[in-house]
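The values are calculated or read from the model by the stated rules, or taken from the named source; none is laboratory data. Predicted, not measured: the structure shown is a model, and the values here were computed from it. With ideal geometry, Cβ positions are generated from the backbone for all residues, glycine too; neighbour counts draw on all protein chains shown. Only protein heavy atoms, including side chains, enter the accessible area calculation; ligands, DNA and RNA are left aside. Shrake-Rupley method; radii C 1.70, N 1.55, O 1.52, S 1.80 Å.
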Amino acid sequence: MKVKVAINGYGTIGKRVADAVSKQDDMEVIGVTKTKPDFEAKMAIRKGYKLYCAIPENLELFESAGIRVEGTVDDLINKADIVVDCSPGKVGAQNKPMYEKAGVKAIFQGGEKKDVAELSFNALANYEKAVGKNYVRVVSCNTTGLVRVLYLLDTNFGIEKVRAVMIRRVVDPKEDKKGLVNGIMPDPVKLPSHHGPDVQTVLPHIDITTVAFKVPTTLMHVHSLNVQLKEKASEDDVIDVFEKEPRILLVSKDDGFTSTAKIIEWARELRIRYDLFENVVWRDSIAVVGNELYLTQAIHQEAIVVPENIDAIRAMLEMADKEESIRKTNESLDIGKFQI
Ligand code: NAD
């Protein structure tokens, strides 16, 4: 029997998690919620998802728009084994009492504070700690991208310290109400950015300081990392570790990957919505100077957390061990298939 997954908030992350759950053989989407009867609500129905109203007072809006809903969010979560809360940042914490009342497990996203959940999660780094948990937070896109590479470097070579610069896409492509039109915005101006402390919610022993800048693009984040390693490692040693990990995708300038624009153009041919679930690391950027490793990676903000949500479901519901869950998730989403 498949486990029943409810998606509360069918936006950028929610629609991707819903589609990814639908691709698994051990779980199913029993419904998704929308606050308003907009084009995304219509799309959810068109795709065969059962639609529920996220805000009970808005039921009438759906009725007057002629959109059929199955009920309210309460009706949905009472039928679920687990809820994936994909509502906007900080709204998840407001939704939590509803999940507690219904006695249903819930996954929160990176826009929530760490204390919303018992654990901040990344599948490679701490899958086992999520086993059987009731409330787990999948860390943000930038943190997921950092944690994956740092976990691999730490387990293979040991990490003395990390200094990293995050160059952040200002908003997602669908936004039309906000954005940075022309400029570079230190975010924040005062050190550190929140990314370093957020990495430490998953890897508490890593000495990391991050600075961040927003730039006027919607296509991916870019991270420039400087990692002081404990053990000596050559560039080939690091490449070897990354090549063995399906959630890391190595690309090269010689193949024409000169910018995030080119990476996205390539991904448009491969995946629905050009979703890149992998960290995209420039092979040519990997350089070792003494015991310091440099590398540059691009992170597709809309997609990278999707496999982590699937693995979090399996861990919390004790459906599979780490290796089996990651293998199933990777296979179903074609992760690791496009190594070039
Ligand atoms: P979004 O705005 O695209 O989608 C949120 C959805 O939730 C919308 O459909 C909205 O109508 C709905 N919603 C609003 N109030 C709600 C409520 N009370 N109950 C249920 N649904 C409600 O946002 P998003 O980008 O998908 O972000 C969702 C979460 O994922 C946030 O915590 C965010 O920080 C995190 N996240 C976002 C990204 C990204 O780049 N978009 C990456 C990683 C993590």
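Summary of computed values
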{"read-out": "Residue, nearest to the ligand (Cβ to nearest atom), within the range 160-176, restricted to residues that are part of a loop (DSSP other than H, G, I, E, B), out of contact with any Pro (no Cβ under 6 Å at 6 or more places or on another chain) and in contact (Cβ under 8 Å) with a residue 24 or more places away in the chain", "value": "D172"}
{"read-out": "Unmet criterion (only one of (1) away from the ligand (no atom under 14 Å from the Cβ); (2) surrounded by 21 or more Cβ atoms within 10 Å (Cβ to Cβ)) for V189", "value": "(2)"}
{"read-out": "Every residue from the range 9-34 that is open to solvent by 10 Å² or more (accessible area, probe 1.4 Å) and near the ligand (Cβ under 9 Å from one of its atoms)", "value": "G9, G11, T12, I13, K15, R16, K34"}
{"read-out": "The range 105-116, subset assigned to a loop (DSSP other than H, G, I, E, B) and free of Cβ contacts under 8 Å to residues at least 40 places away in the same chain, residue least open to solvent (accessible area, probe 1.4 Å)", "value": "E112"}
{"read-out": "Odd one out for T144, checked against (1) outside any helix (DSSP H, G or I); (2) within 16 Å of the ligand (Cβ to nearest atom)", "value": "(1)"}
{"read-out": "The range 109-119, residues that are near the ligand (Cβ under 7 Å from one of its atoms) and not polar (S, T, N, Q)", "value": "G110, G111, E112"}
{"read-out": "Residue under evaluation N156, criteria (1) under 24 Å from L295 (Cβ atoms); (2) open to solvent by less than 10 Å² (accessible area, probe 1.4 Å), criterion not met", "value": "(2)"}
{"read-out": "Any pair with Cβ under 9 angstrom, 6 or more apart, that starts in the range 118-134 at a residue that is farther than 20 Å from V306 by Cβ and ends at one that is crowded, with 21+ Cβ neighbours inside 10 Å and of a type in the set (G, A, S)", "value": "E118/A130; E128/A315; K129/A315; V131/A315; G132/A315; N134/A106; N134/A117"}
{"read-out": "Every residue from the range 316-337 that is more than 19 Å from D19 (Cα to Cα) and part of a helix (DSSP H, G or I)", "value": "M316, K322, E323, E324"}
{"read-out": "Test: residue in the range 52-65 that is hydroxyl-bearing (S, T, Y), open to solvent by less than 70 Å² (accessible area, probe 1.4 Å) and within 10 Å of the ligand (Cβ to nearest atom)", "value": "yes"}
{"read-out": "Failed item, numbered, when D154 is tested on (1) without any contact (Cβ under 8 Å) to a residue 12 or more places away in the chain; (2) closer than 23 Å to A233 by Cβ", "value": "(1)"}
{"read-out": "Residues satisfying the stated conditions in the range 19-47, i.e. within 19 Å of the chain's Cα centre (by Cα) and assigned to a helix (DSSP H, G or I)", "value": "D19, A20, V21, S22"}
{"read-out": "Residue pairs meeting the criteria (Cβ under 6 Å; at least 6 apart or on separate chains; first open to solvent by 80 Å² or more (accessible area, probe 1.4 Å), in the range 87-103; second at pLDDT 95 or above)", "value": "none"}
{"read-out": "Among residues of the range 295-331, those that are within 14 Å of the ligand (Cβ to nearest atom) and over 17 Å from the mean Cα position of the chain (by Cα), counted", "value": "0"}
{"read-out": "Hits in the range 78-97 (condition: under 16 Å from V21 (Cα atoms) and more than 11 Å from the ligand (Cβ to nearest atom))", "value": "A80, D81, I82"}
{"read-out": "Neighbours by Cβ (under 6 Å, 6+ apart or cross-chain): first from the range 309-329, over 13 Å from D26 (Cα atoms); second among the aromatic types (F, W, Y)", "value": "A312/F121; K322/Y127"}
{"read-out": "K42 being in contact with a strand residue (DSSP E or B) (Cβ under 8 Å, 6 or more places away or on another chain) and away from the ligand (no atom under 11 Å from the Cβ)", "value": "no"}
{"read-out": "Given (1) surrounded by fewer than 21 Cβ atoms within 10 Å (Cβ to Cβ); (2) on the phi < 0 side of the Ramachandran plot; (3) not aromatic (F, W, Y); (4) not in a strand (DSSP E or B), index of the condition G179 fails", "value": "(2)"}
